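Accompanying notes for the structure given below.
The values are calculated or read from the model by the stated rules, or taken from the named source; none is laboratory data. If you're wondering where the values come from, they're calculated on a predicted model, not measured in any experiment. Glycine gets a Cβ as well: all are built from the backbone with ideal geometry, and neighbour counts include every protein chain shown.
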Amino acid sequence: MNAVNGSLIDLIGQTPMLKVNTFDTGPCELYLKLENQNPGGSIKDRIGLSIIQEAEKSGELRPGGTIVEATAGNTGIGLALVAALKGYELILVIPDKMSREKILHLEGLGAKIIITRSDVSKGHPEYYQDLAKSIADKTPGSFLANQFSNPANALAHRTTTGPEIWDQMNGEVDAIVAGVGSGGTAAGLAEFFKEKKSDIEMVIADPEGSVVADAVISGHYKYEGGSWMVEGVGEDFIPTNVDLSLLDDAVTVKDSEAFGTVKELLQNEGILAGSSSGTLIGGAIKWCQKQTTPKKVVTFVCDTGNKYLSKAFNQAWLKDNGLVSLPKHGNLLDLISKRADKGEMVSVTTENTLLTAYNRMRGSDVSQLPVIDDARLVGILDEEDLLMNVYRNEGLFSETVSSVMVSKLETLDVQSDEAKLYETLSNGKVAIMFDQETFVGFITKVDLINRYKSAFALS
């Protein structure tokens, strides 16, 4: 009979191990430790608990105190979970590339969120770690968690994660593939396993643009302004936690490979994982395929994909960020994020109510809806049109779309030049795109901005 746990804290750790069945892992067997099964949904629950417990023991954190931390999100959730259960205030400084789901989760746990720039390096006052330290210095009774150099980070993995893996694998493990964000996972596991089995290989999976892989392989690195879209793994410096001498090899993983792995993992293994998991598993697969002898390899599902539904599992977002391979048409079709002719756009009919239209706008996070009758575009409903009509008479929500929609439409053909598109958008209009006689979608200002951003990234 299973025991009843007295606190959610008791459920942190003791996560299951799963053998991969569908990926090509060469001569190796690949095992996944499902850290997404922790109560906060990630491996960082372990360090959230460890950091707070050790700070309580040392007296750095006292009852009623405030915890401050710089985080990509998951450490924040681990800290927020434990802080909420123990009655501490929490201030988190988060780079602006983090998923909305993480931020909402943190806010729901009662954390105060400060979003800062992700395009600045260490030493800049708005760099997330520097800003967190500044806030902690100014906040009475505060404790800076400082996951990047706090020994309690590695301690969590040396005393819990490592022993769990050893027991689950019956000591039969030849390589561990980890990532470096704060560095605690790699450090703690390396310390544990090098004592247990000196010839075990500690491998780092690192996003392209991060400095960690170079540091492991060559012993030196230089940050050259690289950036990556995956969250929670990869760095522009080597955290104090990391002892490079304990790391044996490294694999670099492109963002497109990481996000592709996440998709395959869900479709083939049924596991909903986050983007950092894509880097680790994608890296582990690449490393396994290079081996010439059979090995048992362990890596991690670091966190749940529930926190990345608007990114990793959003085809439009993947398209906008160049993370899926799409055929190029050489015209304005390449700028359309959702194709009406392929069933990717939400729409309404003339007979739908304005309330229905509003719900579809809100549910799909769009500000314009095509009005389509009998497979033909007959009008556009814009949120401004809706507002202007219901402002003085909310009863109009029961009226039909036909009463408000704009039916006199200015359209562009996909063969139009970009200057014409810019002119349309600069006049405050959405570009209504046709491919000859077929309505194919909208192009918004954001779509055009993404076009210029992609060109900038390639230059």
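Listed residues ILE114, ILE94; which is in the same structural domain as ILE52 (by TED's automatic domain parsing), modelled with pLDDT of 90 or more, within 26 Å of GLU54 (Cα to Cα) and surrounded by fewer than 19 Cβ atoms within 10 Å (Cβ to Cβ)? Reasoning before the result, please.
On the way: ILE94 fails: surrounded by fewer than 19 Cβ atoms within 10 Å (Cβ to Cβ).
Exactly one residue qualifies, and that residue is ILE114.
For region 238-256, the set of residues classified as of a type in the set (Ser, Thr, Tyr) and either assigned to a helix (DSSP H, G or I) or under 25 Å from GLN291 (Cα atoms) (or both) consists of SER245, THR252, SER256, listed by residue number.
Somewhere in region 13-28, is a residue in a helix (DSSP H, G or I), assigned by TED's automatic domain parsing to the domain that holds SER277 and either surrounded by 23 or more Cβ atoms within 10 Å (Cβ to Cβ) or touching a residue at least 40 places away in the same chain (Cβ under 8 Å) (or both)? No. Here LYS445 meets each of (1) surrounded by 12 or more Cβ atoms within 10 Å (Cβ to Cβ); (2) modelled with pLDDT of 90 or more; (3) charged (D, E, K, R) with one exception, condition (2). In region 408-415 there is no residue matching the filter, namely being buried (at least 17 other Cβ atoms within 10 Å of the Cβ) and out of contact with any Phe, Trp or Tyr (no Cβ under 8 Å at 6 or more places or on another chain).
Would you point out the residue of region 416-430, among those that are touching a residue at least 24 places away in the same chain (Cβ under 8 Å) and crowded, with 16+ Cβ neighbours inside 10 Å, that is farthest from ASP382 (Cα to Cα)?
Here the residue is SER416.
I'd like to know if region 8-30 contains one or more residues that are among the small types (Gly, Ala, Ser), at positive phi and under 24 Å from the mean Cα position of the chain (by Cα). Yes, some residue in region 8-30 is among the small types (Gly, Ala, Ser), at positive phi and under 24 Å from the mean Cα position of the chain (by Cα). Within region 343-355, residues that are over 13 Å from VAL378 (Cα atoms) have Cβ atoms under 7 Å from residues that are part of a helix (DSSP H, G or I) and small (Gly, Ala, Ser) in these pairs: VAL346/SER364; THR353/SER398; LEU355/SER398, counting only partners at least 6 apart in sequence or on another chain. All of LEU396, LEU377 fail the test of being modelled with pLDDT of 90 or more and farther than 16 Å from GLY428 by Cα, apart from LEU377.
Across region 359-384, the number of residues qualifying as within 37 Å of the chain's Cα centre (by Cα) and either crowded, with 17+ Cβ neighbours inside 10 Å or not in a helix (DSSP H, G or I) (or both) comes to 15. Checking every residue in region 295-313 against the condition of being crowded, with 19+ Cβ neighbours inside 10 Å, in the same structural domain as VAL378 (by TED's automatic domain parsing), under 25 Å from the mean Cα position of the chain (by Cα) and in contact (Cβ under 8 Å) with a residue 24 or more places away in the chain gives zero matches. The residues of region 64-88 include none that are hydroxyl-bearing (Ser, Thr, Tyr), more than 15 Å from ARG46 (Cβ to Cβ) and under 14 Å from the mean Cα position of the chain (by Cα).
Tally time: how many residues in region 48-76 are more than 25 Å from GLU126 (Cα to Cα) and aliphatic (A, V, I, L, M)? Talk me through it step by step, then tell me what you get.
So in region 48-76, the residues more than 25 Å from GLU126 (Cα to Cα) come out as 49-50, 52-64.
Still in the running and aliphatic (A, V, I, L, M): 49, 52, 55, 61.
The qualifying residues number 4.
Contact map, region 221-249: first residue assigned by TED's automatic domain parsing to the domain that holds SER118 and without any contact (Cβ under 8 Å) to a residue 24 or more places away in the chain, second residue of a type outside the set (Gly, Ala, Ser) and part of a loop (DSSP other than H, G, I, E, B), Cβ cut-off under 7 Å, separation 6 or more or different chains; pairs are TYR221/VAL211. Could you go through region 343-354 and let me know if any residue there is outside the structural domain of GLY13 (by TED's automatic domain parsing), touching a strand residue (DSSP E or B) at 6+ places or on another chain (Cβ under 8 Å), outside any loop (DSSP other than H, G, I, E, B) and β-branched (Val, Ile, Thr). Yes, region 343-354 contains a residue that is outside the structural domain of GLY13 (by TED's automatic domain parsing), touching a strand residue (DSSP E or B) at 6+ places or on another chain (Cβ under 8 Å), outside any loop (DSSP other than H, G, I, E, B) and β-branched (Val, Ile, Thr). For VAL233, the stated conditions hold: it is touching a Leu at 6+ places or on another chain (Cβ under 8 Å) and hydrophobic (A, V, I, L, M, F, W, C). Please determine whether any residue of region 62-74 is closer than 21 Å to GLY274 by Cβ, of a type in the set (D, E, K, R) and at pLDDT 95 or above. Yes, some residue in region 62-74 is closer than 21 Å to GLY274 by Cβ, of a type in the set (D, E, K, R) and at pLDDT 95 or above. Scan region 325-342 for residues that are loosely packed, with under 14 Cβ neighbours inside 10 Å and either of a type in the set (Val, Ile, Thr) or part of a loop (DSSP other than H, G, I, E, B) (or both) and jot them down. Correct list: SER325, LEU326, PRO327, LYS328, HIS329, GLY330.
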